[in-house]
1. Keeping to region 175-199, report how many residues are within 20 Å of the chain's Cα centre (by Cα) and not in a loop (DSSP other than H, G, I, E, B).
2. Testing residue 65 on (1) touching a Gly at 6+ places or on another chain (Cβ under 7 Å); (2) modelled with pLDDT under 95; (3) closer than 21 Å to residue 253 by Cα, one condition comes back false. Which one is that?
3. Consider residue 63 carefully, then state whether it is open to solvent by 10 Å² or more (accessible area, probe 1.4 Å) and over 30 Å from residue 139 (Cβ atoms).
4. Could you look through region 6-28, keep only residues that are over 23 Å from residue 56 (Cβ atoms) and open to solvent by 10 Å² or more (accessible area, probe 1.4 Å), and pick out the one that is modelled with the lowest pLDDT?
5. Could you look through region 123-180, keep only residues that are acidic (Asp, Glu) and under 23 Å from residue 102 (Cα atoms), and pick out the one that is least open to solvent (accessible area, probe 1.4 Å)?
6. Suppose we filter region 256-279 for residues that are free of Cβ contacts under 8 Å to residues at least 40 places away in the same chain, in a helix (DSSP H, G or I) and not aliphatic (A, V, I, L, M); how many remain?
7. Sort out which residues of region 136-174 are assigned to a helix (DSSP H, G or I) and under 20 Å from residue 91 (Cα atoms), and write them in order of number.
8. Of all residues in region 102-121, which are buried (at least 16 other Cβ atoms within 10 Å of the Cβ), part of a loop (DSSP other than H, G, I, E, B) and small (Gly, Ala, Ser)?
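The values are calculated or read from the model by the stated rules, or taken from the named source; none is laboratory data. Just so it is clear, the structure is predicted and the values come from calculations on it, not from any experiment. Using ideal geometry, Cβ is built from the backbone for each residue, glycine included, and neighbour counts are taken over all protein chains shown. With ligands, DNA and RNA removed, areas are computed over all heavy atoms of the protein, side chains included. Shrake-Rupley method; radii C 1.70, N 1.55, O 1.52, S 1.80 Å.
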Amino acid sequence: MVMADGCDVEVIVKLGGCAVTQKNTFETVKHDAILAAAKLVKQINGKCIVIHGAGSFGHFQAHEYGTANGFTADDPAKARIGFAKTRLSVHKLHHMIIEVFIANNIPALGISPCGSWLTRGGIVTRPAVAPVVELLRSGFVPILHGDCVLDDVQGCAILSGDKIIESLVEHLRPKRVVFLTDVDGIYDKPPEKEDANLVRKVFVKPDGKLSVAIATSILKHDVTGGVLEKLQTATNIIHISEGNTRVFVANITSEVAAYSACVLGILEGSGTEITEERA
């Protein structure tokens, strides 16, 4: 456990890959969404950590080379090239996001997990939380991202931004985690369907199951699990924090919902809160 005394974290903001990029279009960003995120973070009164997904940066390369499956024995040289190409692509997006934040007078500093975080069979065994704490104490806004990391079983793995959040919640116990996405929250089925309904509140039961049935879909090049993985992450956050870390999902372009969740710690307008079911 990292000693985080004097480092009370107000909020962890997750910028979904679908929120800040055109996820179906190779290496294409949504500049307005990144700018909206920067303006939100600037208004947060307290220590904040930002984590962004890769979206159309990195996912295509990782899918092509099977990076999530490790360094394959039949062609390890090709696998390592895939690892490098995936990281290069993600860093393009990482640089653009940091550039926008700094242009808006946010002291944002990027931290890449590769080389410091370690997994075993895809499970985090060495979270590098100390550098995040040090930056927070010095008044900076750390910005992390999903990344390729070394894995002591399969050689390499994809460490999603959501898994990074789980480790940070375990060590830092933020007051809330806000997932900013390209839709208004969690729906009972894929939101592109006409009969999809926004679920305002999702309760996590003691057995880890959700109070409502959620039907999800996933893009074929998404190597980090899509909405289903996000829901599991939210459930894990509730469990890890014993219900003390609040979890919100809001549209990054919704001034009311995104502002209230990120800045005020409440949910107004559209959006979803995922919370512990209490007796």
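1. 8
2. Checking residue 65 against (1) touching a Gly at 6+ places or on another chain (Cβ under 7 Å); (2) modelled with pLDDT under 95; (3) closer than 21 Å to residue 253 by Cα, the one that fails is (3).
3. Yes.
4. Filtering first and then ranking leaves 6.
5. Among those residues, the one meeting the criterion is 147.
6. Looking only at that region, the number is 1.
7. The initial filter retains those residues of region 136-174 that are assigned to a helix (DSSP H, G or I), namely 136-137, 161-172.
161, 162, 163, 164, 165, listed by residue number.
8. Of everything in region 102-121, those that are buried (at least 16 other Cβ atoms within 10 Å of the Cβ), part of a loop (DSSP other than H, G, I, E, B) and small (Gly, Ala, Ser) turn out to be 112, 116.
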